[in-house]
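*Asks:* Let me begin by handing over the structure; questions about it come next.
The values are calculated or read from the model by the stated rules, or taken from the named source; none is laboratory data. Nothing here was measured: the structure is a model prediction, and the numbers come from that model. Don't worry about glycine lacking a Cβ; one is built from the backbone with ideal geometry, like all the others, and counts go over all protein chains shown. Keep in mind that these areas ignore ligands, DNA and RNA; they rest on the heavy atoms of the full protein, side chains included. Shrake-Rupley method; radii C 1.70, N 1.55, O 1.52, S 1.80 Å.
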Amino acid sequence: MAKVARVALLLLAGLVALASGQVDEVLKWQRVEYDVPAEVLQRENGYIPIGNIPMGAVHHKNRVFVAVARRRWGIPSTLNVVDLSPPFPNTNVILKPYPNFALNELRADLQPDANRIVTVYRPRVDRCDRLWFVDTGMMEIPGNFTVVQRPSVWSIDLNTNEPIHRFEIPKEAVETGYGLTSITLDVDPSDCEKVFVYISDLQTYRMVVYDYANRRAWRFLHNYFFLNPLEGDYLIQGINFAWDDGIFSIALGNPDPVTKFRTAYFHALSSNSEFTVSTRVLRNETASQRSWHGTDFQLLGYRGSKSQSSIHAFDPETGVIFFALIQQNAILCWDSNKPFAPQNMAIVYKNDRDIVYPNDLSIDQNGYVWFMTNSIIKLLYTQLNLDEFNFFVWRANIKQIIKGTVCDPASPPNVNSAQRFGDENNNDRVTFFEFKDKYGPGGGPYGGWGHGNGPNRPGRRP
């Protein structure tokens, strides 16, 4: 009885957190608009509001960097910045191309240009005041995919707002930039020049590693990077669809005090499971060439039914990992010092009205978790109404939002063993839906994002 009462109290604490105003709504938009020259907006396909969907948002010193991937015509700038100005929320704030419009403007002939960027998804900030991102080099227009240039890793000095590094990813590491939609930074605690960048390739089910100090890149292939075919069906906003996205997010734990390596936590989007590997393995280019990795990659456990997560992030101070749950319209937490099991996790924020596909999540240097939702499900499968608020950015103080939940380091675990798989009858793992329309990868009522998409089949790459 005592254990049941304790669980009930922890659940109650979680519900209080949902309603107590601990989550701040910082930014929200009905539609995305830009601070660019008027003639740009007046060009044919210069600016088409309906296709401008924010895909990433990261905070640094009172600025939020917002990425809008070029997945439709009419997107003037892919990497942008917003200056925050309390009180919140800031509403329909105009996006300023970052660091300038010249870097973001496409050439009229769509020829390669090392001084321009094409498509950015989810930028990240490191402790050395640098903004890092991958330019996929692609125009991901349904039915008209265009490889403009090779994918590249960039960094920008946030103190000077000047680009300081560009590395073109070689073809040996990745064929094209299609599917390179999230990056994770592994920066040495004492040397800003020692950086490893881990890039999820959800399309070809690989992880790309970039060694900044030595200007080298390689890729890993592992079965754990693939989707779980039993967990690729979704029900969001009353819409059934199927996605086949593989490895989507990588979160890094704190350095081991002896070895200095970190644990990398990773998962596919279409999966309810979490896996781990040491950065000792990932930093080893020779290891990437192996055909068998032994036990280097491990199954950590099972998050629970319908717990597919887009992005997750590790808080270095508390050891808590936050997950953006796309089917539950929620943010989940787990204390990495407790066994990985659904009973040891808590939903710290849920918003069925405004969270429609939580597409990004990150942790800043001030102890806040930031997350964004972009309503892309509406664009792909129903209708995006630009007279409604569609895009939101929230923040929450980590210590406050986990207080009293099972994620609080001061709280004991609810169970003392990890859960490796689903329920004993597998009732929550077989949820197939049939679709006749199978254009492109992913299927679904309007097809995927493959080259076979027609003009009226918008596709789905998240």
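*Asks:* Can you list which of the chymotrypsin sites (Phe, Trp or Tyr not before Pro) found in region 277-315 are DSSP loop residues with at most 14 other C-beta atoms within 10 Å?
*Replies:* The qualifying sites are 292.
*Asks:* Using heavy-atom solvent-accessible surface (probe 1.4 Å) with all chains present, what is the largest-first order of 403, 338?
*Replies:* 403, 338
*Asks:* A follow-up question, please. Going by Cα centres, region 273-325 and region 373-420 are how many Å apart?
*Replies:* Using only Cα atoms, the two centres lie 19 Å from each other.
*Asks:* Just to confirm, what accessible area per residue do you get for the chain at 1.4 Å probe, in whole Å²?
*Replies:* On a per-residue basis, 40 Å².
*Asks:* Just add up the charged neighbours of residue 222: K/R +1, D/E -1, any other residue whose Cβ is under 13 Å from the Cβ of residue 222.
*Replies:* Taking every other residue near residue 222 into account, the sum is +1.
*Asks:* Still on this model: Based on the Cβ-Cβ distance of residue 295 and residue 386, what FRET efficiency does E = 1/(1 + (r/R0)^6) give at R0 = 35 Å, to the nearest 0.05?
*Replies:* The value I calculate is 0.10.
*Asks:* Of 155, 417, which has the most accessible area with a 1.4 Å probe, and how do the rest follow in descending order?
*Replies:* On the way: 155 0, 417 75 Å².
Listed by decreasing accessible area, they come as 417, 155.
*Asks:* Further question: With every protein chain present, what accessible area does residue 356 have (1.4 Å probe, heavy atoms only), rounded to the nearest 10 Å²?
*Replies:* 0 Å²
*Asks:* Taking K and R as +1 and D and E as -1, what net charge do the other residues with C-beta under 9 Å from the C-beta of residue 107 add up to?
*Replies:* -2
*Asks:* Is the chain rounded, prolate or oblate when judged by the Cα gyration tensor, a ≥ b ≥ c being the square roots of its eigenvalues, rounded requiring a/c under 1.5 and prolate requiring a/b larger than b/c?
*Replies:* It comes out rounded by the Cα gyration axes.
*Asks:* Considering only DSSP states other than H, G, I, E and B, which trypsin sites (Lys or Arg not before Pro) in region 100-174 qualify as loop sites with at most 16 other Cβ atoms within 10 Å? Working shown, then result.
*Replies:* Numbers: sites: 107, 116, 124, 127, 130, 166, 171; in loops: 107, 116, 127, 171.
Of the trypsin sites (Lys or Arg not before Pro), the ones in loops of region 100-174 whose Cβ has at most 16 other Cβ atoms within 10 Å are 107, 127, 171.
*Asks:* Ok, one more. Looking only at region 22-400, where both bridge partners belong to it, what percent of the DSSP beta bridges are antiparallel (to the nearest 5)?
*Replies:* Numbers: 100 of 103 bridges.
If we restrict to bridges inside region 22-400, about 95 percent are antiparallel.
*Asks:* Give me the percent of the accessible area of the chain that comes from carbon and sulfur atoms, probe 1.4 Å, all protein chains in place.
*Replies:* Whole-percent figure for carbon plus sulfur exposure: 50.
*Asks:* Additional query: Please list 382, 176 from largest to smallest accessible area, probe radius 1.4 Å, with all protein chains kept in place.
*Replies:* 382, 176
*Asks:* Given a Förster radius of 35 Å and the C-beta distance between residue 128 and residue 240 as r, what FRET efficiency does 1/(1 + (r/R0)^6) yield to the nearest 0.05?
*Replies:* 0.20
*Asks:* Tell me the label-point distance for the pair residue 400, residue 161, using the 7 Å Cα-to-Cβ offset, in nm and rounded to one decimal.
*Replies:* 3.0 nm
*Asks:* I would also like to ask the following. Is any residue of region 132-154 close enough, with backbone N under 18 Å, to a label point placed 7 angstrom from the Cα of residue 43 along the Cα-Cβ axis, and if so, which?
*Replies:* Answer for this model: 137-141, 146-149.
*Asks:* In degrees, nearest 10, range 0 to 90: what is the angle between the Cα axis of helix 2-19 and the longest Cα principal axis of the chain?
*Replies:* Between helix and principal axis, roughly 30 degrees.
*Asks:* Net charge within 14 Å of residue 192 by Cβ-Cβ distance, Lys/Arg positive one each and Asp/Glu negative one each, not counting residue 192 itself?
*Replies:* My count for the surroundings of residue 192 gives -4.
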